[in-house]
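Read-outs: derived from the displayed coordinates by stated rules, not from any lab. Being a predicted model, the structure only gives us computed values, none of them experimental. Cβ placement follows ideal geometry from the backbone for every residue including glycine, while neighbour counts extend to all protein chains displayed.
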Amino acid sequence: MIVKEEFLSKLRRYFSLNLYEVKIWAALLSRGVSTAGELSDIANVPRSRSYDVLESLEKKGFVIMKIGKPIKYIAVPPNEVVERVKKNVKMDANERIDRLEKLKSTDVLGELNSLHTQGVELIEPSDLSGSLRGRHNLYNHLELTIKNAEKTVTIMTTSQGLLRKAEGLKAVFEEVKKRGVTIRIAAPLSKETQEAAKALAGLAEVRHTDKKARFTVVDGKEVVFMVMDDTEVHPTYDIGIWINTPFFASALEDLFELAWKAMKPLKKA
């Protein structure tokens, strides 16, 4: 059996299988029904491992063991495998979510918070900074930073950034708005961003700017700024810097304040 390595890599990624599992599964799909020994030879997998691999695939719903001697295995149709994997992923995710929810009511979380509090007290303010790689990590940290806001959230972003924030950060905007936090967002406004701007209008004051910049300042103390142009970088390679320093944050917010006065409000833009 000749199967391209690229194809096997895709199977591993999509179905979370190891190399032996994808080789045996692909071999069985090509035969329909086969013994462990035959599959071992076809897939070039050690015979001593083929039984363990087939047992694993059976538990995951990829194959069915046929009763009789010698023992044979039947391939489950790929469409059915996809549905089974989806179901298993959902069940696993729900179980993990339940465990994490239960963790909130245990002493474990309290001890973890106590450790973190003690650790933060020992950190020099200048050490509270870090690099954030990948847009997913960036937005996770943005959400955390904004969630802890007490007074103000100041955001300068791009057109695409405004769309992302309307979709990914609206819930946290609603949360801090209820606490009386003032949110201001500056971004290039156009027909493309019209709906996103309107969706945020009740939560934040949105104004138009022609300038290109990507940063967030919270309470004049913390800054998250992105160093790449989001139109020229893949989300995986996006980079941000987080700094907890009132000196730099307040200076950046003062500069934003000067520019803010000249920006057009949403209605006029």
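Expressed to the nearest 5 percent, the antiparallel share of DSSP beta bridges inside the chain is 75 percent. Tell me the label only: which of (i) 31, 20, 18; (ii) 52, 23, 18; (iii) 39, 30, 14 is semi-axes √(5λ) of the Cα gyration tensor in Å as calculated from this structure? The value matching this structure is (ii). Each of 230, 92, 238 was scored by other Cβ atoms within 10 Å of its Cβ. Listed from fewest to most, they are 92, 230, 238. At full extension, residue 106 and residue 131 could sit 5.8 nm farther apart than now, given 0.36 nm per residue minus the alpha carbon distance.
On a 0 to 90° scale, report how tilted helix 47-59 is relative to the longest principal axis of the chain, with both axes built from alpha carbons and the result rounded to the nearest 10. Around 60 degrees separate the two axes. Taking a Cβ cut-off of under 11 Å around residue 165, the surrounding Lys, Arg, Asp and Glu residues balance to a net charge of +1, with basic ones at +1 and acidic ones at -1. About its Cα centre, the chain has a charge dipole of approximately 1060 debye under the convention of +1 per Lys or Arg Cβ and -1 per Asp or Glu Cβ, with nothing else charged. Seen against the Cα atoms of the chain and their longest principal axis, helix 135-147 is set at about 50 degrees. Residue order for 260, 242, fewest other beta carbons within 10 angstrom first, comes to 260, 242.
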